[in-house]
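K.L.:
Dumping the structure here so I can ask a few things about it.
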Amino acid sequence: MTAQPPRPPKPIKTPCIKVCVVDGESGLCMGCYRRLNEVAGWAKLSDDQRDVILAELPSRRSLIRPEKLAMF
């Protein structure tokens with residue numbers, strides 16, 4: 001029997017849209033609404049931890065002043 005080659009790891013869900021600009025007032029990325037520590041540690045989080053953060057992101061948009069978001 002031939003050994004199977006290792007499978008690549010499954011992709012990690014991410015809200016990143018490649019707009020990496022941090023709002024100084026809220027501390028959130030203006031593209032995905034994550035905090036810098038969440039962005040930095042994203043790969044180390046469990047799927048469940050990422051799901052909790054992903055569920056919070058839509059409500060975080062309101063923490064950034066609308067005139068700032070109009071730039072994107």
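Values quoted throughout were computed directly from the atomic coordinates according to the rules given, and no laboratory measurement underlies them. It should be emphasised that the depicted structure is a prediction, and the values quoted were computed from it without experimental measurement. Cβ placement follows ideal geometry from the backbone for every residue including glycine, while neighbour counts extend to all protein chains displayed.
K.L.:
I53 versus (1) on the phi < 0 side of the Ramachandran plot; (2) assigned to a loop (DSSP other than H, G, I, E, B): which is the lone unmet condition?
P.N.:
So the condition that I53 fails would be (2).
K.L.:
Restricting to segment 56-72, count the residues that are part of a helix (DSSP H, G or I) and over 12 Å from P15 (Cα atoms).
P.N.:
So the count comes out to 9.
K.L.:
Can you tell me how many residues within segment 17-49 are in a loop (DSSP other than H, G, I, E, B) and surrounded by 14 or more Cβ atoms within 10 Å (Cβ to Cβ)?
P.N.:
Of the residues in segment 17-49, 8 are in a loop (DSSP other than H, G, I, E, B) and surrounded by 14 or more Cβ atoms within 10 Å (Cβ to Cβ).
K.L.:
Testing T14 on (1) of a type in the set (V, I, T); (2) assigned to a helix (DSSP H, G or I); (3) surrounded by 13 or more Cβ atoms within 10 Å (Cβ to Cβ), one condition comes back false. Which one is that?
P.N.:
(2)
K.L.:
Of everything in segment 50-72, what is acidic (D, E) and surrounded by 10 or more Cβ atoms within 10 Å (Cβ to Cβ)? Give them in sequence order.
P.N.:
D51, E56, listed by residue number.
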